[in-house]
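Data block below; observations after.
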Amino acid sequence: MVNSFRPAIVMMALFTLLLGLAYPLAVTGIAQAAFPGQANGSLVRDAGGRVVGSALIGQPFVGATYLHPRPSAAGDGYDAAASSGSNMGPLNPDLAARVAENAQAIRAEDGAGVIPADAVTTSGSGLDPDVSPAYARLQAARIARARGVSVQQVQTIIDSQTEGAFLGFIGQPRVNVLLTNRALDARFGAEG
Amino acid sequence: MNIQGWGEIALTLGLAVLLGWPIGIYMSRVWNGERTWLDPVLKPVEAVFYGAAGVDPKRSQGWLGYAGALLAFNLAGFVLLYAILRLQGVLPLNPQGFAGVSPHLAFNTAVSFVTNTNWQSYGGEATMSTFSQMVGLTVQNFVSAATGATIAAALARGFVAHRGEGVGNFWADLTRTTLYVLLPAAFVLAVVLAGLGIVQSLAANVQATGVEGGTQTLPLFPAASQVAIKQLGINGGGVFNVNGAHPFENPSPLTNLITAVAINVMGWAAFFAFGRTALAGRDIKALATAAVIILTVSSAAMYAIETQPAPALVAAHVDASANMEGKEVRFGVPASTIWSVVTTGASNGSVNAMHASFMPLGGGLQMFLMQLGEILPGGIGSGIAIMVVMALLSVFVAGLMVGRTPEYLGKKIEAREIQFAMIAVLVLPLAILGFSAVSAVFPTALAGLLNDGPHGLSEILYAYTSAAANNGSAFAGLTANAPWWNTTLGLGMLFGRFIPAVAVLAIAGSLVVKPKLAPSAGALPTDNGLFIGLLIGVILILGGLQFLPALALGPIVEHFQVLAAVAGA
């Protein structure tokens, strides 16, 4: 083992130069040149060029005029600097209490429809950008009421922002909350 | 459960095996020193490595020399990574302004990456600078994977040689696997992933002002380059705290499919490479078949388990057809369950959903898959090596039943091989059950638990299983970033990695000097259905007998509690 020390140290140093510097820097160079949008976080900007978020990262919405995201366990909710799931086991009493509370709040706001599971559960990342089409549909009437427009108009926006599963069976259909709310504001005005 | 879900699961499993086949043939050519189409580019680079290190790649080492080189190289990697993490605060490329990592966390993380475990006591975006991620972690993602491959290459040579001497040259195996297999594959995958939305930037954070006015800090990293090798190298350590659940690390169903396939593809490739290098393609296909069978049954079971009604959803009278706690909408149940099976069956350990929030039997199945020894298909090379150890135990058991000296791939299997095989497989229960037993009664350890009762025991059991099996996934409710956990989990990883590695090399050294026997009618055929059945039996009984009592106190008892809670709601 002792006479292997010199090759071990030299090899480690060479691998570090090649794999720790050359490789990631080359990939960064290509990515920044070829896909700057994706490589820099798929940022969403307002008309003035200000960054309002990332199309990939969820953010909190509480106003009645907006589509609401799922509950989040990242920091105080959608803290992108502290991604986290709840990590609660299925029998954790805190989980049952939180789910019950969320379900009650949704019933108070959105009526008595069937609540889909994603509406009352936290995601793995705490930054889930999407809700299920079913949860979006459940919220359409409330958004329409708050904005003074028809449910059909809101549902049309939601449908336009709904992405199906890839090739029909890879992943799940979903509605991006930030993009949908931006589309709602664009169509009906930011003040609703 | 629906047909789309089953289709997605079948595709994820099948693609990895199918792609592993041609890559395995190529990997075998690399191990054997045969010509490859990358030679014009890489031969000169390879020569620089050997020249600077002063090694002769053609000199075949005895198993002790080979093992010594392996340990020396990994020690150098550990020291370097430990130093980088401790000195992170004064090193460049630290736009986040992170301080140096604490000694016990640096120990844990350095061990974790050197052993190909990639357990995350660290918080990714909250702990690790861009420099540490790139120069520290990414490098070990490559070379720890290549280290695993060297074990299989040496073992394969042990089976082909006829009264031979050396098991190969560690430096050549390490360098060639890294340069010819891992680097080109990771490079292509990284560029593809960056195009599909995984971030790849040296900048620190972007400040966003949300639509409703709140601010959000979006952390950027050179993530695509790291994600590519974390999957292909079967490492699993995430750039971000939540690993493959993070939208910047796994933004869409397509990236999810690609990276889930990447988890397994090199493990299967190492199976096929071993078969070609050991001139035993049919026998190794039998081992792969056994692994595919166990993996397929587990995948189906996991999908069924996660669509059982979760008690919190039932009690709140909401739709309980999918246990969505800890899962992302874009992946849903099928993509989350198949990922959890392939990541625990391989020694990957990346996650796209939080394992702690799976239904109890789901979490139990994840643990069981790791406890089988990470052979489905396991890490690159380390998986096939331990699978061959299982095959040796199987022919030994069969030999006892019929009273003949067992043979495998034309080599007599005698006391010495079986002794080392037992060492290789007994490390796991010793490290897992030993450390778990102490932690379950040690107040300092218990302070780290999030959940009470059986789920708390599962957090402990999962942690040591994941560490000793070099997996790296977690029931993340456990706050493992504390001296007791960081230290004991680090030890578990070291035992689980290097004791089996040295034992396998000892087997290779013992086999290489033996004469290669001609196939005879008296030997047990090891390429047919009967042997596959025997092998599956040995794997399950070995795993089951050792760990079922512990699992009964954790996930299994919790399962019955869930049934009672759902019935009572």
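Of note:
- Residue in the range B:479-490 that is at pLDDT below 95, part of a loop (DSSP other than H, G, I, E, B) and buried (at least 21 other Cβ atoms within 10 Å of the Cβ) present: yes
- Residue within the range B:147-166 that is within 12 Å of chain A (Cβ to nearest Cβ) and in a helix (DSSP H, G or I) present: yes
- Number of positions in the range A:33-63 that are more than 7 Å from every other protein chain (Cβ to nearest Cβ) and either among the aromatic types (Phe, Trp, Tyr) or surrounded by 15 or more Cβ atoms within 10 Å (Cβ to Cβ) (or both): 3
- Note on the range A:93-168: enclosed helices (runs of 4 or more DSSP H) holding 3 or more residues that are within 9 Å of chain B (Cβ to nearest Cβ) are A:93-110.
- Any hit, the range B:200-221, residues being in contact with a strand residue (DSSP E or B) (Cβ under 6 Å, 6 or more places away or on another chain), part of a loop (DSSP other than H, G, I, E, B) and within 7 Å of chain A (Cβ to nearest Cβ): yes
- Flag if B:LEU400 is of a type in the set (A, V, I, L, M, F, W, C) and either loosely packed, with under 15 Cβ neighbours inside 10 Å or in contact with a strand residue (DSSP E or B) (Cβ under 9 Å, 6 or more places away or on another chain) (or both): yes
- Just one of (1) closer than 28 Å to A:ILE30 by Cβ; (2) more than 14 Å from every other protein chain (Cβ to nearest Cβ) fails for B:THR289. It is (1).
- Test: residue in the range B:58-65 that is crowded, with 21+ Cβ neighbours inside 10 Å and either at pLDDT below 95 or farther than 30 Å from B:SER336 by Cα (or both): yes
- Tally of residues being buried (at least 24 other Cβ atoms within 10 Å of the Cβ), part of a helix (DSSP H, G or I) and at the interface with chain A (Cβ under 10 Å from one of its Cβ atoms) across the range B:300-332: 4
- Residue among A:ASP118, A:ASP110 that alone is touching a Lys or Arg at 6+ places or on another chain (Cβ under 6 Å) and surrounded by 24 or more Cβ atoms within 10 Å (Cβ to Cβ): A:ASP118
- The test for being surrounded by 21 or more Cβ atoms within 10 Å (Cβ to Cβ) and not hydroxyl-bearing (Ser, Thr, Tyr) holds for A:VAL99.
- Qualifying positions in the range A:43-65 - closer than 22 Å to A:SER125 by Cα, in a loop (DSSP other than H, G, I, E, B) and either in contact (Cβ under 8 Å) with a residue 40 or more places away in the chain or not assigned by TED's automatic domain parsing to the domain that holds A:SER86 (or both): A:ALA55, A:LEU56, A:ILE57, A:GLY58, A:GLN59, A:PHE61
- Pairs, first more than 7 Å from every other protein chain (Cβ to nearest Cβ) in the range A:1-27, second in a helix (DSSP H, G or I) and polar (S, T, N, Q), C-beta under 9 Å, six or more apart: A:LEU18/B:THR178; A:LEU25/B:SER225; A:ALA26/B:SER225
- Leading residue by the ranking (nearest to B:LEU505 (Cα to Cα)) among those in the range B:71-121 that are in a loop (DSSP other than H, G, I, E, B) and within 13 Å of chain A (Cβ to nearest Cβ): B:GLN120
- Count of residues meeting criterion [farther than 13 Å from A:HIS68 by Cα and surrounded by 18 or more Cβ atoms within 10 Å (Cβ to Cβ)] in the range A:133-148: 2
- B:LEU361, sole failed condition from (1) surrounded by fewer than 24 Cβ atoms within 10 Å (Cβ to Cβ); (2) more than 27 Å from A:GLN172 (Cβ to Cβ); (3) of a type outside the set (D, E, K, R): (2)
- Members of the range B:257-274 found to be more than 12 Å from chain A (Cβ to nearest Cβ) and either touching a Ser or Thr at 6+ places or on another chain (Cβ under 7 Å) or among the polar types (S, T, N, Q) (or both), listed by number: B:THR259, B:ILE263, B:ASN264, B:ALA273
- Of the residues in the range B:234-256, not one is more than 7 Å from chain A (Cβ to nearest Cβ), in contact (Cβ under 8 Å) with a residue 60 or more places away in the chain, among the hydrophobic types (A, V, I, L, M, F, W, C) and not in a loop (DSSP other than H, G, I, E, B).
The values are calculated or read from the model by the stated rules, or taken from the named source; none is laboratory data. Values in this document were obtained by computation on a predicted structure and should not be read as measured data. No Cβ is skipped: glycine too gets one built from the backbone with ideal geometry, and neighbour counts run over all protein chains shown.
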